[in-house]
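Engineer: Next up is a structure, given as structure tokens.
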Amino acid sequence: MCAAGDTLDTMSAPLRAAVIGLGSMGSNHARIYNDLPGVELAAVADPDRQRLERAAASRPVAMFDDYRVMLRETRPDLVSIVVPTGLHHRVALDVIEAGCNLLVEKPIAASIEQAHEVATAAAAAGVVLTVGHIERYNPAVQELKRRLAEGQGGRIIQLRARRVGPFPHRIRDVGVIHDLAPHDIDIMRHLLEDDVERVFAEAQGRINTDNEDIVAGVLHFNRGAMGVLDINWLTPMKERKLTVLAEKGMFVVDYPAQTLEFYENFAASAREGSIASVTEGPMTRYLIPNREPLRVELEAFRDAVLGQAPVQVTAEDGIAALATAEALVRSAGEHQPITVAPLVAGS
Ligand SMILES: NC(=O)c1ccc[n+]([C@@H]2O[C@H](COP(=O)([O-])OP(=O)(O)OC[C@H]3O[C@@H](n4cnc5c(N)ncnc54)[C@H](O)[C@@H]3O)[C@@H](O)[C@H]2O)c1
């Protein structure tokens, strides 16, 4: 077994990976580990026999219906936890206790208390913990981040995320805010390098009456930028888009298409810190080589475990996104703005 930061030669000693949960997302983790350089897929676990056999088809991989037996018998170096959100906490604590590095799918846990417990346990055990905020690894987002860092666009005024689609009947343990909003909250924090101060949300549960399935949310960031969330499971077409409105123009990311466009504010000969005027200017679409974001994510996890790169999405990032999601749920329930508690690292 490999503790965080051990240096292994990716050519001679592949890391041994395991996947816990082989549903619609976990089967993709297994597929990618199976041909990721420097990694071998050693084991998979799921109580569903059919899913186990499908994931192991044409691959020499050990199958387990109990993940605890798998941890004991195969002692993997790195583990993807891809079980329903309500189980993240229990499974993550068991994986940490076994001394394995872990990637927990988003959201990091079902509650902020559970998330803190997982983060604290991982830090104490000295294992790598990362969270599956997959949009960070979308090449269009990475290009946008690079351009913003170079100053293209100038100061950001507003970020707007639209993440809508049909109802996923398999998800019953959490609402759409916990399931989808962490993606957009995380990307907004990442691009702004800032934290959310307060939120306001309207939400409704039309199909899943235990939890909300549609939300309209507003985020206020510490340095003044605003975020707008339009997220639901009630739209009969799938759309995942981000617009970043800045003083010198507006970026548009289409996540699945991996495209990035820039609409220039032609009148942006503005003074620093204020917009003199806004007029329509030329639009540029950048050429971005496509890559599967999950593959980039698992490469980053591998590199962090090898000690060759820092963890890109930290436990703190997972906790911050979840804390904001929880504030949105509370705001919708209480019909008032909610201040997001500042993140205390390691608490
Ligand atoms: N990053 C992303 O874009 C993305 C996309 C989809 C799902 N997810 C996350 O992945 C997780 C799983 O979602 P999904 O859509 O694949 O769900 P799913 O219902 O399709 O799959 C869950 C799987 O976990 C298995 N499971 C349940 N209990 C288990 C246990 N004790 N041990 C081992 N396996 C167990 C189930 O049998 C099932 O095969 C969720 O946390 C979800 O938020 C992330």
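Coordinate-derived values only; no laboratory data. For clarity, every value in this text was computed on a predicted model and none was experimentally measured. For neighbour counting, all protein chains shown are included, and Cβ atoms are generated from backbone atoms with ideal geometry for every residue, glycine included.
Engineer: Using the Cβ atoms and a cut-off under 9 Å, what net charge is assigned to the surroundings of residue 243, where Lys and Arg are +1 and Asp and Glu are -1?
Structural biologist: Net of charged neighbours comes to +3.
Engineer: Here's a follow-up. Determine ³J(HN,Hα), in whole Hz, for all residues of the range 47-54 in sequence, where each value follows from phi through the Karplus function 6.51 cos²θ - 1.76 cosθ + 1.60 and θ = phi - 60°; x replaces Gly and Pro.
Structural biologist: Using θ = phi - 60°, the values come out as x, 8, 4, 4, 5, 4, 5, 5 Hz.
Engineer: Local charge sum around residue 176 (other residues, Cβ-Cβ under 10 Å, Lys/Arg +1, Asp/Glu -1)?
Structural biologist: After counting each charged neighbour, the total is -2.
Engineer: Also: Non-local amide H neighbours of residue 340 (under 5 Å, H modeled in plane, Pro and chain starts lacking H): which ones?
Structural biologist: Under 5 Å from the amide H of residue 340: 198, 199.
Engineer: For the chain, set up a Gaussian network in which alpha carbons nearer than 10 Å are linked by springs, and say which option among 200, 167, 301 fluctuates the most.
Structural biologist: Of 200, 167, 301, the most mobile in the Gaussian network model is 167.
Engineer: To check you understand DSSP bridge types, tell me what percent of the beta bridges within the chain (both residues inside) are antiparallel, rounded to 5.
Structural biologist: Expressed as a percentage, antiparallel bridges in the chain total about 60.
Engineer: Could I ask something else about it? Let me spell out the model: positive unit charges on the Cβ of Lys and Arg, negative unit charges on the Cβ of Asp and Glu, origin at the Cα centre of the chain. What dipole size does that give, in debye rounded to 20?
Structural biologist: With Lys and Arg at +1 and Asp and Glu at -1, about 580 debye.
Engineer: For the chain, just list the percent of Cα-Cα distances falling in each 20 Å bin from zero outward, please.
Structural biologist: 30, 57, 13, 0
Engineer: Name the residues whose placed amide hydrogens come within less than 5 Å of the amide hydrogen of residue 15, ignoring near sequence neighbours (fewer than 5 apart) on the same chain.
Structural biologist: Residues meeting the criterion, in which the H sits 1.01 Å from N, are 39, 40.
Engineer: At q = 0.14, 0.17, 0.23 Å⁻¹, what is the log10 ratio I(q)/I(0) for the range 15-127, with the Debye formula run over Cα points and no solvent?
Structural biologist: Calculated log10 I(q)/I(0) at the listed q: -0.50, -0.73, -1.29.
Engineer: With the dipole of the range 41-185 worked out from charges on the C-beta (+1 for Lys and Arg, -1 for Asp and Glu) around the Cα centre, which of 125, 180, 78 lies farthest toward the positive end?
Structural biologist: It is 180, whose Cα lies furthest towards the positive end.
Engineer: Under 5 Å between amide hydrogens, which residues at least 5 positions from residue 267 or on another chain qualify, with H placed 1.01 Å from N in the peptide plane?
Structural biologist: Placed amide hydrogens put 279 under 5 Å from residue 267.
Engineer: Roughly how tilted is helix 315-334, in degrees to the nearest 10 and between 0 and 90, from the longest Cα axis of the chain?
Structural biologist: Taking the Cα atoms of the chain, the angle to 315-334 is about 60 degrees.
Engineer: Give me the percent relative contact order of the chain, please, defined on Cα pairs under 8 angstrom at least 6 residues apart.
Structural biologist: The value is 19 percent.
Engineer: Quick one: of the DSSP bridges fully inside the range 15-127, what percent are antiparallel, nearest 5?
Structural biologist: Given both bridge residues lie in the range 15-127, the antiparallel proportion sits at roughly 0 percent.
Engineer: Can you give the local net charge around residue 92? Use residues other than it whose beta-carbon is closer than 11 angstrom to its beta-carbon, Lys and Arg +1, Asp and Glu -1.
Structural biologist: With Lys, Arg at +1 and Asp, Glu at -1, the neighbours total -3.
Engineer: Quick check: the angle from helix 88-97's long axis to the longest principal axis of the chain, C-alpha only, nearest 10 degrees?
Structural biologist: On a 0 to 90 degree scale, this one is about 50.
Engineer: In a GNM of the chain with a 10 Å cut-off on Cα contacts, which of 282, 166, 60 has the highest mean-square fluctuation?
Structural biologist: 282
Engineer: Quick check: the angle from helix 139-149's long axis to the longest principal axis of the chain, C-alpha only, nearest 10 degrees?
Structural biologist: Long axis of 139-149 versus the principal axis of the chain: about 50 degrees.
Engineer: With a 10 Å cut-off between alpha carbons and a GNM built on the chain, which of 75, 160, 49 moves the most?
Structural biologist: Its mean-square fluctuation being the largest, the pick is 49.
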